[in-house]
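Before any comments, here is the structure.
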Amino acid sequence: MATPAHANGGILSGIRVLDFSRVLAGPYATMTLADFGADVIKIESADGDDTRGWRPPVDAQGISTYYSSVNRNKRSVTLDLRTAEGKAQAQALLATADVVIENFRPGVMTKLGFNFEEAKKINPGIIYCSITGFGSGKGAALAGYDLLVQALGGLMSVTGPQDGGPTKVGVALIDIMTGMNAVQGILLALKARADSDPAQWKGQLIQVDLMTTLLAAMTNQASAALNAGVTPVRLGNAHPSISPYELFDAQDRPLLIAVGNDKQFHTLVHLLGIEHLATDPKFTDNPSRATHREQLRELLEEVLRTQPGAHWVSLLSAEGVPAGLVNTLPEAFDFAHSLELNAVVEIPSSDGQHLFKQVVSPIQIPGRDASYRLAPPSLGEHSENVRWLDDGLADTK
């Protein structure tokens, strides 16, 4: 288990992020920045981030596990941006920030007086990241929900059983990928700022949307549609271009086999005692195997059903054939632990009364790794720690 660090000496130490975002894409992005040292100030209304109320499930303290999953290492300040006082306080914070990130519906930040153009009047060098569902053009009126994007963006059309209906991915994956894209855009802008003459730097607007993120993430499927006139379809757990590369039934539970080349296929059929398949014209190379996928699947499962899944994983893995069981999430954490991946960190709450278990940052930079300094904050937890003066903010970065 990873150990929390309390000193802030990360790569992004000294960078202040003013975080107007909520729910998932924006908070995931700002948590990533915070993990590497950025000072993230989470601006919330009196009602708080929507996900504070997304429960069950909750932890032992009754806190939404959805909210806590993407809000560590941040300070929470409650402001009412509709009031003159709240707006002035936000403007004072904005003047000290390097980065602003928001994911309101297009037009909301303009009405509040905090869009990019207004932000530049307060802080001319600001890096401003705006996250939307479908851009700021004709798609601005569409609600930017991950599930809706999965449907409209084509992901559901290729997800699910071959003989079933369209299926969503088990998590809001497009939100997460959009958050990752936002982080990339912010880091690129910070690099551009570092390379610029400070007197010439005019700030930077970054626009990221869920729809384009999804289309870009479709990669090979998108390329098939654009360049080969193919409309990808649902194949269940099978791959459109590789075989055998899917889920198979063993004696007791599902088994995943991911054969990526002819050598692995020859090893597979040898270990299963059906070597003759390696010279069968229907299976001699990957294009042939992909064409006759269903027939190959039946022949392989006839053997695989004779032994438990763990037996096959042990046998195949030892000889270099990628194979594994379908783990539950608790089993997946146990598996990661067995591989010494240290995938979990425990962060004490601000009062020291309980621990938040969190998945560590997947980005490893030896010697400059992520640090885990602050537990997910309670609503407005740090409002009193910020001193407001008539002439602006008296709070050091």
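FYI, it's all coordinate maths here, none of it is from the lab. These numbers were taken from a predicted model, which means no experiment stands behind them. Neighbour counts are summed over all protein chains in view; Cβ atoms, including those assigned to glycine, are modelled from backbone coordinates with ideal geometry.
See the values below:
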item	result
Protection-proxy order for peptides 75-83, 321-329, each taking the mean of Cβ atoms within 10 Å per residue, highest first	75-83, 321-329
DSSP beta bridge pairing in the chain, given as percent antiparallel to the nearest 5	40 percent
Pairwise Lys count, the chain - Cα closer than 22 Å, eight or more residues apart or different chains	26
Max mean-square fluctuation residue, GNM over the chain, Cα-Cα springs under 10 Å, options Gly139, Gly160, Gly320	Gly320
Most fluctuating residue given options Leu187, Leu215, Leu296, as computed from a GNM of the chain linking Cα atoms under 10 Å	Leu296
Most fluctuating residue given options Pro330, Pro287, Pro106, as computed from a GNM of the chain linking Cα atoms under 10 Å	Pro330
